[in-house]
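Report on the structure given below.
Every number here is computed from the coordinates shown, using simple stated rules; none is lab data. On a predicted model such as this, the values are computed, not experimentally measured, just so you know. Because the Cβ atoms are built from the backbone with ideal geometry, glycine has one as well, and the counts that use them run over all protein chains shown.
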Amino acid sequence: MAAINWSCREFRELTLHELYSLLQLRTDVFVIEQNCVYQDMDDNDQVAMHVIGARDGELLCYARILPPSIKYKTPSIGRVITHQTLRQNGYGKQLMGKALDYCRQYWPTEPITISAQQRLQKFYSELGFVTESAPYLEDGIPHIQMRYESLPS
């Protein structure tokens, strides 16, 4: 099996195929699989960095990085997805590692904030994120705010 090719691109650098694929994957997971009807396209994609993991032109992993002052005062990572058929194989950790690397590249001393689904608290804790809030509902799903203190690489 070929390795995953990783890239991080601004919105204007995405091809139409990549944009369609990432919106389709986000809808498949966040709307259909999680049975959560919400508007995924929130006008933040245009200012975001898009972390893409693909193999042979197929999108397998994706995350969105927002600059400071868009969602939080700090940079944030969200819309974290691993294709359903690839879960439990370490690709989510690879994806988050790449997203954290890109955050360090653009904002080397800034902490990183996420709004994590509460059921994934252990996953993010193992990556170095610390819980900062009590659980709250976001689109009907329990979430917690977590923070990663960025260290220069």
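Near the amide H of PHE129, under 5 Å away, which other amide H atoms are found, from residues 5 or more places off or on another chain, if H is placed in the peptide plane?
Amide H neighbours of PHE129: none.
Among VAL31, TYR102, ALA54, whose Cα lies farthest out toward the positive end of the dipole of the chain, if unit charges sit on the beta carbon of Lys, Arg (+1) and Asp, Glu (-1)?
It is TYR102, whose Cα lies furthest towards the positive end.
In debye to the nearest 20, how big a dipole does segment 57-153 give about its Cα centre with +1 on each Lys and Arg Cβ and -1 on each Asp and Glu Cβ?
Working: 11 positive and 8 negative charges, 16 e Å.
My answer is approximately 80 debye.
When the Karplus curve 6.51 cos²θ - 1.76 cosθ + 1.60 is applied with θ = phi - 60°, which whole-Hz ³J(HN,Hα) does each residue of segment 79-90 get, with x for Gly and Pro?
6, 6, 9, 10, 3, 3, 6, 10, 5, 6, 10, x
With +1 on each Lys and Arg Cβ and -1 on each Asp and Glu Cβ, and nothing else charged, work out how big the dipole of segment 87-131 is about its Cα centre, in Debye to the nearest 20.
Dipole of segment 87-131, to the nearest 20 debye: 220 debye.
Using a ≥ b ≥ c from the Cα gyration tensor of segment 5-148 (square roots of the eigenvalues), is it rounded, prolate or oblate, where a/c under 1.5 gives rounded and otherwise the larger of a/b and b/c decides, a/b for prolate?
The shape class here is rounded.
State, to one decimal in nm², a quarter of the convex hull surface area for the C-alpha atoms of segment 14-85, i.e. the direction-averaged projected area. Mind dumping the intermediate values first?
Numbers: hull surface 19.7 nm².
Its average projected convex-hull area is 4.9 nm².
Just rank ILE32, ILE65, fewest to most, by other beta-carbon atoms within 10 angstrom.
Details: ILE32 10, ILE65 22.
So the residues, fewest neighbours to most, are ILE32, ILE65.
For the chain, with the dipole built from +1 on Lys and Arg beta-carbon atoms and -1 on Asp and Glu ones, taken about the Cα centre, which of TYR148, TYR72, LEU22 lies farthest toward the positive end?
The one lying farthest along the dipole's positive direction is TYR148.
Taking the Cβ of PHE129 as the center, what net charge do the other residues with Cβ under 11 Å away carry, scoring Lys and Arg +1 and Asp and Glu -1?
Result for the local shell: -1.
Counting helices only, and only those DSSP H runs with n ≥ 4, report the 222 nm mean residue ellipticity of the chain as the sum of -39,500 (n - 2.57) divided by its residues, in deg cm²/dmol to the nearest 500.
After summing the helix terms and dividing by the residues of the chain, the value is -6500 deg cm²/dmol.
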